[in-house]
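Undergrad: One structure is given below, represented as structure tokens, and several questions about it will come after.
Nothing in this text is a laboratory measurement; each read-out follows from the coordinates by a stated rule. Note that the structure is predicted; figures quoted are calculated from it, not measured. Every residue, glycine among them, receives a Cβ derived from its backbone with ideal geometry; neighbour counts consider all protein chains shown.
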Amino acid sequence: MSVHFLTPMDLTDAELELVMKRARRMKADRTPLAAKTLRVGALYFNPSLRTRVSFEQAARQIGASCQTLNAGQDLWALEMDPEAVMDGDKAECVVEAAGVLGRYFPVLGVRSFPRGGSWEEERREPVLRAFADHSKAAVISLEGAMHHPCQSLADHMTILEHFGPKLHGLKVVMSWAWHPKALPMAVPNSFALQMARAGVDLTIAHPRGLELDSELMGSVKEQSMRNGGKVEVVHDRLGAMDGAQVVYVKSWGSIGQNEVHPEELKDWCFNDMAWGRTAEAKVMHCLPVRRNVVIASSVLDSPRSIVLDQAENRMWAQAGLIEAVARRAGVLA
Ligand code: CP
């Protein structure tokens, strides 16, 4: 097991259990720990509200400091290719930038969405991997092209809070939604993998042509089988909802493409009619959410929605995670 946390599988079962236990305990008693000398960095190549605030507050919760950097304005223009002849507008290479940040921060969070390369290249998370390779810090993904493991950790914690410790047999539907933009697949990928690991009965509902990454789906099926769960992929938006206890609504684009979704898919908006087919499901979304496009206001404004619990749990889950990752890296006693 490497020191980094880049996918939902990058914690052992024992570590996952410990992170959840610590997160719940900190949430319950709100007592900060005393990791006073631990310095955490957070580097963003893309915008963020929840991740940025919750990651800083998570570090503070355990007594550590956290410095946030926005790549577009706080750093020199960054060259990602160590072999490049740097006679253009890029002033610093990732080798030195990551190396320097690693000297300041033993734990470094990095957010980098797909940057327009081929899917084969993007799915290997070149930016996150470059920081992991050159910084010597333990790198935590704050969302890459393939995964958003901090989000899925908080989602898992939220489901445990609402449904108790035994999730076997829980019917969880991850339902695609129309969106005016083709969004990254990191959230659905990580949620599917995390739920497979939790052993739930997972249904993934999406229109044809919006299949998730095939290798990712292989891992989801393998994890599901190993943990006593079930996975099915369906294309019937309403039929998928029968018996659902959790509905996770999320839009994503087709692999490696930036195509706008056709107007005829606009009925993939989670509304009261869709909710009426469920078994009084709790409704989840990672946020930000477009009201009345992705989820109807009437659903978001009702007690059926647990989206704010998810957002809050980003902080508690990450507090447990930073502690676990720092311990694994040998920088926290
Ligand atoms: N869910 C999530 O990661 O939100 P932000 O993009 O605002 O950080």
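Undergrad: Step through the table entries Lys21/Lys171; Lys166/Lys282; Lys90/Lys136, compare each Cα-Cα distance with 18 Å, and write down the pairs that go over it.
TA: Lys21/Lys171; Lys90/Lys136
Undergrad: Could you sort the peptides 201-209, 213-221, 114-122 by per-residue average Cβ neighbour count (10 Å cutoff), highest mean leading?
TA: By packing density, highest mean first, the sequence is 201-209, 213-221, 114-122.
Undergrad: Also, quick follow-up: Can you give me the long-range amide H partners of Trp268? Hydrogens built in the peptide plane at 1.01 Å from N, cutoff under 5 Å, separation of 5 or more residues or another chain.
TA: Residues meeting the amide H criterion: Trp178.
Undergrad: Right, here's the next one. Could you pull the Rg and Dmax for the stretch 171-237, using just the Cα atoms, both in Å?
TA: 11.5, 37
Undergrad: For the stretch 310-333 and the stretch 1-34, what is the separation of their C-alpha centers, rounded to whole Å?
TA: Distance between centres, Cα-based: 5 Å.
Undergrad: Using 10 Å bins from zero, what percent of all Cα-Cα pairs in the chain falls into each bin?
TA: 6, 27, 34, 24, 9, 1, 0
Undergrad: Here is a further query. Which FRET efficiency value, to the nearest 0.05, is calculated for Asp242 and Leu49 with the Förster distance at 30 angstrom and r the Cβ-Cβ distance?
TA: 0.30
Undergrad: Right, something else. Quick one: Kirkwood hydrodynamic radius for the stretch 239-323, alpha-carbon pairs, angstrom, one decimal?
TA: 14.3 Å
Undergrad: If we sort 233-245, 309-321 on the protection proxy, mean other Cβ atoms within 10 Å, highest first, what's the order?
TA: The peptides rank, most packed first, as 309-321, 233-245.
Undergrad: Among Asp155, Asp301, Asp133, which one moves the most in a GNM of the chain with springs linking Cα atoms closer than 10 Å?
TA: Result: Asp301 has the largest fluctuation of those listed.
Undergrad: Also, quick follow-up: Determine ³J(HN,Hα), in whole Hz, for all residues of the stretch 19-26 in sequence, where each value follows from phi through the Karplus function 6.51 cos²θ - 1.76 cosθ + 1.60 and θ = phi - 60°; x replaces Gly and Pro.
TA: My calculation for the stretch 19-26 gives 4, 5, 5, 5, 4, 5, 5, 5 Hz in order.
Undergrad: Give the distance, in whole Å, between the Cα centre of the stretch 122-145 and the Cα centre of the stretch 198-256.
TA: 26 Å
Undergrad: For the stretch 175-302, what is the Kirkwood estimate of the hydrodynamic radius, computed as the reciprocal of the mean inverse distance between distinct Cα atoms, to one decimal in Å?
TA: 14.8 Å
Undergrad: Once Rh for the stretch 67-117 is found with the Kirkwood sum over Cα pairs, what is the Stokes-Einstein diffusion coefficient at 10 °C and 1.306 mPa s, in µm²/s?
TA: 130 µm²/s
Undergrad: May I ask you to work out the translational diffusion coefficient for the stretch 218-266 at 20 °C, viscosity 1.002 mPa s, via Stokes-Einstein with Rh from the Kirkwood sum over Cα pairs, reported in whole µm²/s?
TA: Value of D from the Cα-based Kirkwood radius: 156 µm²/s.
Undergrad: For the stretch 1-78, with equal point scatterers placed on the C-alpha atoms only and solvent neglected, what are the log10 I(q)/I(0) values from the Debye formula at q = 0.11, 0.25, 0.27 1/Å, to two decimals?
TA: Ignoring solvent entirely, the Cα scatterers give -0.37, -1.27, -1.27.
Undergrad: If you don't mind, another one. Report the convex hull volume per residue for the stretch 79-148, counting only C-alpha atoms, in Å³.
TA: In the stretch 79-148, the Cα hull volume divided by residue count equals 89 Å³.
Undergrad: Sorted by packing (mean other beta-carbon atoms within 10 Å per residue), highest first, where do 181-187, 158-164, 73-79 land?
TA: Going from most to least packed, we get 181-187, 158-164, 73-79.
Undergrad: Compute a Gaussian network model of the chain, connecting alpha carbons closer than 10 Å, and tell me which residue from Arg24, Arg103, Arg111 fluctuates the most.
TA: Arg103
Undergrad: Is the stretch 94-245 best put as rounded, prolate or oblate by its Cα gyration tensor, with a ≥ b ≥ c the root eigenvalues, rounded for a/c under 1.5, and otherwise prolate when a/b is larger than b/c, oblate when not?
TA: Prolate shape, in that a/c is at least 1.5 and a/b is the bigger ratio.
Undergrad: So what's the stretch 274-320 giving for Rg/Rh, alpha carbon basis, Kirkwood Rh from the mean inverse pair distance?
TA: 1.03
Undergrad: Quick one: pull the percentage of alpha-carbon pairs in the stretch 23-121 with a separation above 21 Å.
TA: Result: 45 percent of Cα pairs exceed 21 Å.
Undergrad: With each pseudo-label sitting 7 Å past Cα toward Cβ, what's the Ser65-Ile255 distance in nm, one decimal?
TA: 4.5 nm
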